[in-house]
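A.B. asks: Before anything else, here's the structure in question.
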Amino acid sequence: MSATHLSNDEVPFLDPSDPDFSIRSEAVLRARGMSWWARTPYGLAVLRYEEMKQMINHPLLRQGSYRWPEHNQAGGMWAQWWKRMMLNREGADHARLRKLGAPAFAPRLVAGMIPKFQQLADDLIRDFERDGKCEFMSRFAEPYATRVVCELVGVAHEQWQEFAELAVTMGLALGVTYARDEARINAATERFFDIAGRIVTDRRRAPRDDFISALINANEDKDTLGDQELYDMIVLSIFGGIDTTRSQIGLAMAMFIDHPDQWALLGDNPDLARPAVEEVMRLRPTTTWVTREATEEFEFKGVPIAKGTTIHLFSSAAASDPDHFTPGFDITVQRKPHFGFGGGRHHCIGSQIARGDMTEALKLLAQRLKNPVYGGEPQWLPDSGNTGPISLPIAFDAVSAG
C-alpha cells in the first residue's frame, strides 16, 4: 500500500530520539515496506531510495542541521562556527564557499597523498600484525584517520593524539549531552581555531603545493574568502576528517568480520578496495541520515509539507531499498549511488580524500590481517545519527616473525 493511500494515523511512526532506536531495525524495514515516509516526534523521515534521491536535491529544502545549537539552547564558539560554516550555508553563499574550497580537494592533490596513505597504513599494521589481536579503533582506525588529517594540514604527526582528543570532545556537540558538555566543547573548538591560525601563519610564510596553501590562495582576494571563512573551513576539514573517517573504517572492519568471504576476496583482489568502500558506505555509513528543512510550504507525493518542517533522510534505509538493490553485502556488484556522503549541493566536499584514504587502508588490511574475528565484545555508539564503534577488539592470524 502506498503512502498516498494511507491516512496520517496509518503512516508508520518512528522515534529516532529513543536511545534504543536503530536505523537498521526491523521497525524501520517494516515502515519502509508500508510507506516511503514515516512520522517522527520532530518532522518526517524519508525511507525509500527514489524519494530520498528527489528530496536530497529538492529546491525547497535547505540544510536542516543549522538549528542544532538552538534546539539545545547552546551558544559559544562551537555554535557560532557551526552556523557560519559551509555545511550550513545556503544559496549563493554556499556555492561561493564550495567553489573556493574545491581546489584544495582537487584530484591531483588527492593522488599525491596516496603514497603517504599507504605508508601510514603499513606503519600502523606493522605495530600489531604479529600479535594476532588488537583493539582496532585505538591501534588503527583512530591514529590512521587522525594522522591522515595531520598530513593534510601539514602538522607533525606527533600531534595526532591531541587532534584525536579534541575531535572526540567537539563531537560531543552532535550528541544528546551537548548542553552538559558545552564548556568542554567550546574549549576544544577554541583550541582547533588556535591551531588553524598557526598553520595559516606558517604556510603564508612558507607556501607549499598542498591543501592549506590552496585554501590560502582562495583567500588572497578578501572579497571572496575571508579570514574567518578560511579558518572555519580548516577546522571543518580537521574535525570532519577525523570524526567520520575513524568511525567509517571501524564500521568497515565490523562489516567484513560479519562477511568473511568478502574479506578473503578483497585480500586476494586489492583492486576491489574502492568498490568495497562504496559497498560499506551503502549499508553501514557512519552518517546514517541527513536532515533538511522546508523553506516554503509544498506538497510531495500527496503529502503536504509545511514551511519549517524537519525532514530526516534515512541514508542507509534508502540505500538498501529492495526496489533498487539486490539484498546482501557484495563488493563485486555494481550498485546505484549511495548517500553515505550526502548528496546534491551539500555533497561532502572532502569525499575524494575520504575515499582515497579508506581505499588504501582496506587494501592493506585485507592483505595483512587474515581471518579476522571479534576478539571481545565491541562497544558501539547508538545505531543512528553519526554511529560507529567505540571499541572494536579483533583477533586474526598472527604473522610469524621472519
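A.B. asks: Go through the stretch 366-381 and report how many residues are at pLDDT 95 or above and either within 13 Å of A398 (Cα to Cα) or in a loop (DSSP other than H, G, I, E, B) (or both).
C.D. replies: Result for the stretch 366-381: 11.
A.B. asks: While we're looking at this one, here's another question. Quick one: is I23 of a type in the set (V, I, T), modelled with pLDDT of 90 or more, under 30 Å from Y231 (Cβ atoms) and buried (at least 18 other Cβ atoms within 10 Å of the Cβ)?
C.D. replies: Details: of a type in the set (V, I, T): yes; modelled with pLDDT of 90 or more: yes; under 30 Å from Y231 (Cβ atoms): no; buried (at least 18 other Cβ atoms within 10 Å of the Cβ): yes.
The answer is no for I23.
A.B. asks: Condition first: of a type in the set (D, E) and either touching a residue at least 12 places away in the same chain (Cβ under 8 Å) or over 21 Å from K336 (Cα atoms) (or both). Now tell me which residues in the stretch 250-284 satisfy that.
C.D. replies: Let us first name the residues in the stretch 250-284 that are of a type in the set (D, E), namely 258, 261, 268, 271, 278-279.
Within the stretch 250-284, D258, D261, D268, E278, E279 meet the criteria.
A.B. asks: Picking from L272, L236, L265, which residue would you name as being surrounded by fewer than 18 Cβ atoms within 10 Å (Cβ to Cβ) and in a helix (DSSP H, G or I)?
C.D. replies: Values: L272 fails: surrounded by fewer than 18 Cβ atoms within 10 Å (Cβ to Cβ); L236 fails: surrounded by fewer than 18 Cβ atoms within 10 Å (Cβ to Cβ).
Residue meeting the stated conditions: L265.
A.B. asks: Taking only pairs six or more apart or across chains, which ones have beta-carbon atoms under 8 Å, a first residue in the stretch 346-357 that is at positive phi and modelled with pLDDT of 80 or more, and a second residue that is β-branched (V, I, T) and buried (at least 19 other Cβ atoms within 10 Å of the Cβ)?
C.D. replies: If the second residue must be β-branched (V, I, T) and buried (at least 19 other Cβ atoms within 10 Å of the Cβ), no pairs are left.
A.B. asks: Which condition from (1) out of contact with any His (no Cβ under 9 Å at 6 or more places or on another chain); (2) buried (at least 17 other Cβ atoms within 10 Å of the Cβ) is the one that K307 breaks?
C.D. replies: The failed condition is (2).
A.B. asks: Could you check the stretch 344-402 and list, in sequence order, the residues that are of a type in the set (G, A, S), in contact with a Phe, Trp or Tyr (Cβ under 7 Å, 6 or more places away or on another chain) and over 13 Å from T244 (Cα atoms)?
C.D. replies: Of the stretch 344-402, the ones of a type in the set (G, A, S) are 344, 350-351, 354, 356, 361, 366, 375-376, 384-385, 388, 391, 395, 398, 400-402.
Now drop any that are not in contact with a Phe, Trp or Tyr (Cβ under 7 Å, 6 or more places away or on another chain), which leaves 350-351, 356, 361, 366, 384.
Scanning the stretch 344-402 gives G356, A361, A366, S384.
A.B. asks: Return the residue satisfying two criteria in turn: it lies in the stretch 338-361 and is assigned to a helix (DSSP H, G or I) and either over 17 Å from the mean Cα position of the chain (by Cα) or β-branched (V, I, T) (or both), and of such residues it is surrounded by the most Cβ atoms within 10 Å (Cβ to Cβ).
C.D. replies: Initial filter on the stretch 338-361 (assigned to a helix (DSSP H, G or I)): 344-346, 351-361.
Filter once more, keeping what is either over 17 Å from the mean Cα position of the chain (by Cα) or β-branched (V, I, T) (or both): 353, 359-360.
On the way: I353: 23, T359: 20, E360: 25.
The selected residue is E360.
A.B. asks: Moving on. Quick check on I311: is it out of contact with any Leu (no Cβ under 7 Å at 6 or more places or on another chain), closer than 16 Å to Q63 by Cβ and of a type in the set (V, I, T)?
C.D. replies: Details: out of contact with any Leu (no Cβ under 7 Å at 6 or more places or on another chain): no; closer than 16 Å to Q63 by Cβ: yes; of a type in the set (V, I, T): yes.
Answer is no for this residue.
A.B. asks: Could I ask something else about it? Return the only residue of A92, A145 being over 19 Å from D397 (Cα atoms) and buried (at least 16 other Cβ atoms within 10 Å of the Cβ). Walk me through how you get there before you give the answer.
C.D. replies: Values: A92 fails: buried (at least 16 other Cβ atoms within 10 Å of the Cβ).
Among A92, A145, only A145 is over 19 Å from D397 (Cα atoms) and buried (at least 16 other Cβ atoms within 10 Å of the Cβ).
A.B. asks: Return the only residue of L97, L61, L120 being more than 19 Å from the chain's Cα centre (by Cα), surrounded by 15 or more Cβ atoms within 10 Å (Cβ to Cβ) and free of Cβ contacts under 8 Å to residues at least 40 places away in the same chain.
C.D. replies: Values: L97 fails: free of Cβ contacts under 8 Å to residues at least 40 places away in the same chain; L61 fails: free of Cβ contacts under 8 Å to residues at least 40 places away in the same chain.
Matching residue, one of L97, L61, L120: L120.
A.B. asks: Still on this structure: Can you tell me which residue is modelled with the lowest pLDDT among those in the stretch 196-232 that are closer than 19 Å to G76 by Cβ and surrounded by fewer than 20 Cβ atoms within 10 Å (Cβ to Cβ)?
C.D. replies: Filtering first and then ranking leaves Q228.
A.B. asks: Just to be sure before I move on: is A183 in a loop (DSSP other than H, G, I, E, B) and closer than 30 Å to S17 by Cα in the structure I sent?
C.D. replies: On the way: in a loop (DSSP other than H, G, I, E, B): no; closer than 30 Å to S17 by Cα: yes.
Answer is no for this residue.
A.B. asks: Need at least 3 residues that are touching a strand residue (DSSP E or B) at 6+ places or on another chain (Cβ under 6 Å) per element, so show me which strands (runs of 3 or more DSSP E) inside the stretch 281-337 make the cut, counting only ones lying wholly within it. Before you say what the answer is, go through the steps one by one.
C.D. replies: Working: elements: 289-294, 298-300, 303-305, 310-314.
In the stretch 281-337, 289-294, 310-314 are the strands (runs of 3 or more DSSP E) which contain 3 or more residues that are touching a strand residue (DSSP E or B) at 6+ places or on another chain (Cβ under 6 Å).
The values are calculated or read from the model by the stated rules, or taken from the named source; none is laboratory data. Since this is a predicted model, take the numbers as computed values, not measurements. Neighbour counts are summed over all protein chains in view; Cβ atoms, including those assigned to glycine, are modelled from backbone coordinates with ideal geometry.
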